[in-house]
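I have placed the structure first, in the form of structure tokens, so that the comments after it can refer back to it.
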Amino acid sequence: MSGLYFGVNNELPGPKLPRVNPSNFRRSQHFEVVQGVSNSIQRMIPGKVGIGKRPLENERCDTWTFGEKTQTNQIPGSLPKWLVNDKKILRFWSYLIEPISEGGLGTSLKRRFNVYYFLEDDSIKVTEIHSSMGRVSHETFIRRHRIPFKGNKFRLKPNDPYINFWDLNLGFELELYGRAHVITDCDPFTTSYLTKCGVQMNPSIAEMPDRCS
């Protein structure tokens, strides 16, 4: 038996019994700093052992208890939509013309908006752009949620009762709860994403003046 003294031959046939008289009681450190990162030493430097060069309790072989690990190759196409499109947002600029009456004269006022389309759940958020004293602020106009589609225009996905990104393009009128928003422009990511999806993007349109009679 290894570790026990039996005279000439210290090796006997049969199963090997553990040593009962260890002589090394050195305590290994449990933490180490590698490239400026502090972590458990058995994670940063594989092969480290515990007292007397014995394996630590957390380094026992889990396959004895749980069996061999099975690896599953995740197919990208099988990932859920909310995970594939996480934090991907389409941004459009729009305006609407609101009629006002001042002194009996019929005039109209233009209001500017940001339209955000969240690809992860097809929800929409609209914020109004305010300019005052050289400062630009954004106020929530429509809170984020899925908005039902209203209108009679041709749709690529007519069976969807809600607005989807196929309904958004430059120059389109987007009806949001009875108000017609005219989409004027979008950011580069929106143009790139819709183009990759097969949408033929229209050129940006010029905005109308702030007030018109």
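A short reminder: the numbers here are calculations on the coordinates, not readings from a lab. Values in this document were obtained by computation on a predicted structure and should not be read as measured data. Counting neighbours? That spans all protein chains shown, and the Cβs are built from the backbone with ideal geometry, glycine included.
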* **Which listed residue is under 28 Å from the mean Cα position of the chain (by Cα) and basic (Lys, Arg), from Arg144, Arg135, Arg155, Arg179** => Arg144
* Asked: Would region 181-193 turn up any residue that is without any contact (Cβ under 8 Å) to a residue 40 or more places away in the chain, buried (at least 16 other Cβ atoms within 10 Å of the Cβ) and among the hydrophobic types (A, V, I, L, M, F, W, C)?
  -> no
